[in-house]
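What follows is a set of notes on a single structure, which appears directly below.
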Amino acid sequence: VPSFTATPSFGPAPLHVTFDASGTTDADHDLLTYAWDLDGDGQYNDATGVTTSRTYGGGDVVVGLLVSDGTFTRSTQRTVSAANTPPNVTIDLPATAPVWKVGDQIDFSASATDAQDGPLPPSAFGWTLTMRHCPSDCHSHIIQTFSGVGGGSFDAPDHEYPSHLLLSVDVTDSGGLTSHAEMEMFPAT
């Protein structure tokens, strides 16, 4: 199972990135070989070994890792974004986490700016309202999602206690980088 980290995976150019595939696993514990596509051309001929590095001048590059155990070969990819940074997102409403009761209307909104794109439009936003139910071990129920809106409202749902709401927003810039913000909201008991 190929796996690698890219540190850092985004930032100002020139961006020096270190790649580490030590998280790759093999169920049979076979000897593994590594081949890297560091320039995004689809050819795994830029480096070998568990670790490597490269400096990128600008733009997005899809970096690939090809791992073989002598019998099977698998690959994985991730994007490195030189001269791009993720957006900054702030949940504006509710301004503070409200204490809610079933049926309360709760308004929500967020704003986001990006160093490369400026203020981001509502189409960049994706919201998730989740019920976190925690009788002993917590588990989650997605209540509702809202796509392509900077804000809106929802009615607080009914659910057995102990539980609370988690409102989260993911904002994606034109370069594909995403930022996340969330707010926990607890019920009036």
Which numbered condition residue 6 fails, given (1) within 30 Å of residue 185 (Cβ to Cβ); (2) touching a residue at least 12 places away in the same chain (Cβ under 8 Å); (3) among the aliphatic types (A, V, I, L, M): (1)
Pairs where the first residue, in the range 90-101, is of a type in the set (Ser, Thr, Tyr) and the second is modelled with pLDDT of 95 or more, C-beta under 6 Å, 6+ apart: 90/111
Residue in the range 36-43 that is free of Cβ contacts under 8 Å to residues at least 40 places away in the same chain, in contact with a strand residue (DSSP E or B) (Cβ under 8 Å, 6 or more places away or on another chain), open to solvent by 80 Å² or more (accessible area, probe 1.4 Å) and assigned to a strand (DSSP E or B) present: no
Qualifying residues in the range 44-60 (those that are open to solvent by 50 Å² or more (accessible area, probe 1.4 Å) and among the small types (Gly, Ala, Ser)) - the one farthest from residue 116 (Cα to Cα): 53
Unique match (being surrounded by fewer than 18 Cβ atoms within 10 Å (Cβ to Cβ) and outside any loop (DSSP other than H, G, I, E, B)) among 166, 129: 166
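Here is a yes/no grid of residues against (1) at pLDDT 95 or above; (2) part of a strand (DSSP E or B):
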{"site": "67", "(1), (2)": "yes, yes"}
{"site": "86", "(1), (2)": "no, no"}
{"site": "98", "(1), (2)": "no, no"}
{"site": "116", "(1), (2)": "no, no"}
{"site": "123", "(1), (2)": "yes, no"}
{"site": "143", "(1), (2)": "yes, yes"}
{"site": "146", "(1), (2)": "yes, yes"}
Residue that is nearest to residue 89 (Cα to Cα) [pool: residues in the range 136-189 that are in contact with a His (Cβ under 9 Å, 6 or more places away or on another chain) and among the polar types (S, T, N, Q)]: 168
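Do we find that residue 171 is part of a loop (DSSP other than H, G, I, E, B), touching a helix residue (DSSP H, G or I) at 6+ places or on another chain (Cβ under 6 Å) and either at pLDDT below 95 or open to solvent by less than 60 Å² (accessible area, probe 1.4 Å) (or both) in this structure?
Considered against the rule, which asks whether it is part of a loop (DSSP other than H, G, I, E, B), touching a helix residue (DSSP H, G or I) at 6+ places or on another chain (Cβ under 6 Å) and either at pLDDT below 95 or open to solvent by less than 60 Å² (accessible area, probe 1.4 Å) (or both), residue 171 comes out as no.
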Subset of the range 100-114 [over 18 Å from residue 148 (Cβ atoms), part of a strand (DSSP E or B) and aliphatic (A, V, I, L, M)]: 106
Residues that are open to solvent by 70 Å² or more (accessible area, probe 1.4 Å) and either touching a helix residue (DSSP H, G or I) at 6+ places or on another chain (Cβ under 9 Å) or more than 16 Å from residue 166 (Cα to Cα) (or both), drawn from the range 138-152: 147
The range 61-96, subset of a type in the set (D, E, K, R) and surrounded by fewer than 16 Cβ atoms within 10 Å (Cβ to Cβ), residue nearest to residue 117 (Cα to Cα): 92
Residue match in the range 89-101 (condition: under 27 Å from residue 13 (Cβ atoms) and touching a strand residue (DSSP E or B) at 6+ places or on another chain (Cβ under 9 Å)): yes
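The values are calculated or read from the model by the stated rules, or taken from the named source; none is laboratory data. Since the structure is predicted, the reported quantities are computational estimates derived from the model, not experimental observations. Heads up, the Cβs are rebuilt from the backbone with ideal geometry, glycines too, and the neighbour counts pull from every protein chain shown. In case anyone asks, the SASA skips ligands and DNA or RNA and just uses the protein heavy atoms, side chains included. Shrake-Rupley method; radii C 1.70, N 1.55, O 1.52, S 1.80 Å.
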